[in-house]
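To start, the structure under review is shown below, and the notes come after it.
The values are calculated or read from the model by the stated rules, or taken from the named source; none is laboratory data. What you see is a predicted model; the values in this text were computed from it and never measured. Cβ placement follows ideal geometry from the backbone for every residue including glycine, while neighbour counts extend to all protein chains displayed.
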Amino acid sequence: TDRFDPAASEARWQERWEASGCFRADSASPKPKAYVLEMFPYPSGRIHMGHVRNYTMGDVLARFRRAQGYEVLHPMGWDAFGMPAENAAMEKKVHPGDWTRQNIAGMRAQLKRLGFALDWSRELATCELDYYGHEQALFLDLFEAGLVFRRESEVNWDPVDMTVLANEQVIDGRGWRSGAPVERRKLNQWFLRITDFAEELLEGLGSLDQWPDKVRLMQENWIGKSRGLQFRFERPEGGSIEVFTTRPDTIFGASFLAISPGHPIAEALAAERQDVADFIALAKQGGTTAAEIETAEKLGFDTGLTVTHPLNPDWQLPVWIANFVLMDYGTGALYGVPGHDARDFEFATKYGLPITRVVAQGVDGADAPLSEAENAPGVAVNSRFLDGMTTDEAKAEIIRRAEAGGWGQGKTQYRLRDWGVSRQRYWGTPIPIIHCDACGAVPVPKAQLPVVLPEDVSFDVPGNPLDRHSTWNKVDCPKCSAAARRETDTLDTFVDSSWYFIRFASQPDDKPFDRAEAEAWLPVGQYIGGVEHAILHLLYARFWTRALERIGRLSVKEPFKGLFTQGMVTHETYRAGDGSWLSPEQVTRNGDDWTHIESGEPVSTGRVEKMSKSKKNVVDPDSIIERYGADAVRWFMLSDSPPERDLEWSIGGIEGASRFVHRVWRLATSPAQADGNDAALTRKLHRAIAAVGAALESLQFNKAVAALYELVNAVEKAAPSADRTAAIRTLVVLIAPMAPHLAEEAWAALGGEGMVVDQPWPSHDPAMLVDEEVTIAVQVNGKLRHTLNAPRGLPREDLQGLALGADKVAAFLGDSAPRKVIVVPDRLVNIVL
Ligand code: ANZ
Ligand code: ZN
């Protein structure tokens with residue numbers, strides 16, 4: 001056995017772990033608990049390197065915690081509902097369920113080949129009845145508690161395919177299949193009242209000290225708390241228009257009023273005037289995401305209406321309808337201040353509306369020209385009684401006057417919107433509601449749950465197959481028994497991922513979770529995933545947990561105690577002469593140049609980018625595992641970069657990792673038995689134990705790897721001794737979280753008892769960490785004249801003797817005896833002449 005054979009060894013140990021049940025989490029265990037979780041994957045088809053990196057990190061931590069004596073919960077499942085399965089159904093004529101379950105089977109096998117320490121007995125898939133049925137029950141709990149409501153809201157509508165589109169199906173404002181410009185359309189949809197939790201979700205961020213600051217900041221911005229003023233502009237013909245502003249200090253810079261195309265005044269006008277109706281239709285084109293609305297070209301329509309400025313009865317402002325004003329934010333209307341708001345500036349420039357400076361960086365800046373909107377705070381100018389006040393003072397002054405004058409009210413506003421959870425799609429959790437003409441929207445009685453998603457659906461025409469199902473959507477009203485209609489919207493898949501970590505912790509058949517069991521594990525101690533989920537998923541999961549807490553189902557407020565967001569796996573990109581992308585397998589290197597294997601043509605190399613199918617710069621984990629083994633892949637994933645940074649995939653890197661695996665194997669199998677001690681090596685071993693432990697504790701996997709490299713170097717160099725043999729055994733335990741198969745095989749080769757996976761984490765002797773030697777500064781009359789090395793803890797008299805005896809010092813002394821010698825042990829000897 002001089003060569004380690006990953007293929008044979010890995011399969012063997014994976015089977016043994018499975019047979020021993022060692023990764024099963026026992027909720028009733030008296031041991032302290034550790035819940036390690038990586039964001040569960042969407043079963044898109046195959047595991048990619050990003051998954052491998054993410055799950056390897058979690059796995060190392062899970063194995064480390066286990067060795068430390070924790071009862072570890074480290075589960076895996078599938079975020080299995082969602083659009084791609086329906087797209088596959090439309091394109092490949094395969095049922096979304098079949099497509100999804102096949103993908104799960106394939107990806108599960110891939111994960112198993114990587115040897116992850118997962119409790120597969122708790123595996124779940126959100127598309128299965130024993131998950132989404134419980135989700136329906138939770139939805140009804142929230143419904144009863146008043147946290148669910150229905151409201152008209154805008155969706156993306158494809159006018160050619162006659163279907164609602166998900167945001168990701170809108171590409172540059174057009175339907176992904178029809179290519180037709182997307183319109184906004186109003187539909188009745190279900191919402192969760194996340195805005196009720198805005199303040200506590202914001203405050204809760206303060207307690208999440210094991211989260212990256214940047215993620216907390218992103219959530220804070222998303223919640224977007226701001227203090228502002230809501231106030232009325234009176235209309236000369238009677239009535240008024242309410243606006244919300246966060247910059248009341250700019251009130252004298254107002255140039256126009258803008259209302260949303262969905263504003264009641266706009267709709268009333270449209271009912272009478274065709275030109276208004278036409279404009280509104282135009283303004284509603286384009287997607288519904290805030291980002292799209294923000295970047296779309298500004299469009300306006302002058303209604304001819306005017307309003308009166310609240311602080312000057314002689315000042316009339318024109319009322320425009322503008323496409324950038326959202327209906328569901330503030331009051332759906334704003335007053336435009338082009339001098340100090342970028343959107344207003346663009347709008348005013350386009351339509352020739354006045355632009356006035358009302359904020360400057362000093363009172364003498366009142367006349368400085370404006371070449372763009374300046375939104376920085378400063379002092380008020382051109383603003384009558386506000387002139388000279390700071391922005392904050394001026395804000396407070398206007399709010400005070402508005403409240404005193406009864407024309408406005410100071411208001412705290414959150415940018416956070418209620419969470420629209422309705423999706424007009426098939427492959428999702430059916431919303432358990434029944435619509436009755438007489439009784440309205442009636443929740444499905446819990447005894448009638450689950451509402452099972454029908455299997456017999458067709459995807460030959462666009463739209464939601466549930467709408468055109470011949471029987472499924474026809475039901476009797478649970479209240480009055482009249483013929484009624486089932487809700488055909490399904491839940492946003494973010495609902496599915498908002499509580500899967502609870503279901504992992506406890507999965508009884510008859511309810512979503514057992515409270516005591518769930519609380520034994522929660523909160524998740526360490527959550528690991530991509531930063532792309534920094535806002536939505538993490539915020540929704542925090543909300544869902546708090547909602548359950550509020551309705552008395554759980555006493556946990558924050559679901560994820562620690563959060564870690566790992567970097568991406570990147571790879572160089574390659575392009576053929578015609579500009580098309582080439583995959584790494586299609587190219588070969590000669591010297592500094594690359595060629596296309598098939599055509600022999602030269603290839604240009606592009607930037608190092610995240611591995612993605614579109615750029616073809618992906619490396620498939622399977623072929624790499626095949627070639628180098630799982631441990632080498634795991635080792636490489638951990639070694640080259642700090643885990644929060646991007647990791648560039650390279651053949652050199654994986655080959656280096658593979659060589660290392662074999663080096664460790666040779667150490668473990670080289671039978672250099674000998675007696676005798678090696679104090680220096682033992683000292684290095686203890687340092688490595690401490691360093692690896694500290695690195696894993698703080699998720700600095702690359703540092704753990706570096707410490708292990710050092711230790712392996714030291715062991716290789718050391719002469720055979722009993723200490724060396726012992727060091728190799730400990731090394732194997734230290735390496736086990738990262739390269740578990742190698743560790744097991746080596747452990748067995750060393751005659752270790754049982755499996756490495758059951759070995760406790762080694763402890764180090766703190767005394768061994770201290771340097772044996774210290775450097776002593778020798779001063780003569782306070783000036784540094786010499787340094788010498790001495791054993792740590794050498795008594796004063798000995799140090800003094802060493803210093804005085806040194807040749808260099810003797811030269812300074814000459815014949816005279818020192819007047820005084822000051823000794824600071826382990827640090828300094830000062831000789832005063
Ligand atoms: C006047 C003003 C002057 C504004 C200025 C900004 C800068 P945040 O801070 O994100 O909460 N606004 C109000 N309602 C809106 C709506 N329904 N759709 C789009 N924009 C709307 O945004 C608050 C600001 O966004 C408000 O303050 C308002 O413009 C605009 F120098 O009022 B501001
Ligand atoms: Zn009824």
Q) Only one of these conditions is not met by A396: (1) farther than 30 Å from L536 by Cα; (2) within 16 Å of ligand 2 (Cβ to nearest atom). Which number is it? A) (2)
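Let's see how each residue does on (1) basic (K, R); (2) under 29 Å from T730 (Cα atoms); (3) in a loop (DSSP other than H, G, I, E, B):
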{"position": "T588", "(1), (2), (3)": "no, no, no"}
{"position": "T595", "(1), (2), (3)": "no, no, no"}
{"position": "S614", "(1), (2), (3)": "no, no, no"}
{"position": "R663", "(1), (2), (3)": "yes, yes, no"}
{"position": "L667", "(1), (2), (3)": "no, yes, no"}
(Q) Given the criteria in a loop (DSSP other than H, G, I, E, B), modelled with pLDDT under 95 and surrounded by 13 or more Cβ atoms within 10 Å (Cβ to Cβ), does S44 qualify? (A) yes
Q.
If I filter the stretch 476-483 for residues that are more than 16 Å from ligand 1 (Cβ to nearest atom) and within 33 Å of the chain's Cα centre (by Cα), do I get at least one hit?
A. no
(Q) Return the residues of the stretch 159-197 that are among the charged types (D, E, K, R), within 30 Å of the chain's Cα centre (by Cα) and surrounded by fewer than 16 Cβ atoms within 10 Å (Cβ to Cβ); say none if nothing qualifies. (A) E168, D172
Q) Of the residues G420, G406, G378, which single one is surrounded by 14 or more Cβ atoms within 10 Å (Cβ to Cβ), modelled with pLDDT of 95 or more and not hydroxyl-bearing (S, T, Y)? A) G378
Q) Name the pairs whose Cβ atoms lie under 7 Å apart, with the first residue in the stretch 473-492 and closer than 30 Å to D79 by Cβ and of a type outside the set (D, E, K, R), the second within 14 Å of ligand 2 (Cβ to nearest atom) and assigned to a strand (DSSP E or B), and 6 or more positions between them or separate chains? A) N473/R485; N473/R486; V475/I434; V475/A484; V475/R486
Q: Considering every residue within the stretch 409-416, establish whether at least one is buried (at least 16 other Cβ atoms within 10 Å of the Cβ), more than 16 Å from ligand 1 (Cβ to nearest atom) and modelled with pLDDT of 95 or more.
A: no
(Q) Checking the structure you have, find out if any residue of the stretch 372-379 is assigned to a helix (DSSP H, G or I) and at negative phi. (A) no
Q: Pull up the stretch 380-401, narrow it to residues that are β-branched (V, I, T) and not in a helix (DSSP H, G or I), then point me to the one that is nearest to S226 (Cα to Cα).
A: T390
Q: Looking for whichever is free of Cβ contacts under 8 Å to residues at least 24 places away in the same chain, within 14 Å of ligand 1 (Cβ to nearest atom) and closer than 15 Å to F252 by Cα here; the options are A380, A366, A376, A360. Which one fits?
A: A360
Q) With respect to W176, is the statement that it is more than 24 Å from A547 (Cβ to Cβ) and without any contact (Cβ under 8 Å) to a residue 12 or more places away in the chain true? A) yes
Q: Could you list, in sequence order, all residues of the stretch 446-492 that are closer than 18 Å to Y131 by Cα and within 15 Å of ligand 2 (Cβ to nearest atom)?
A: Q448
Q: Filter the stretch 237-292 down to the residues that are within 23 Å of L317 (Cβ to Cβ), surrounded by fewer than 23 Cβ atoms within 10 Å (Cβ to Cβ) and among the acidic types (D, E), then identify the one that is modelled with the lowest pLDDT.
A: E237
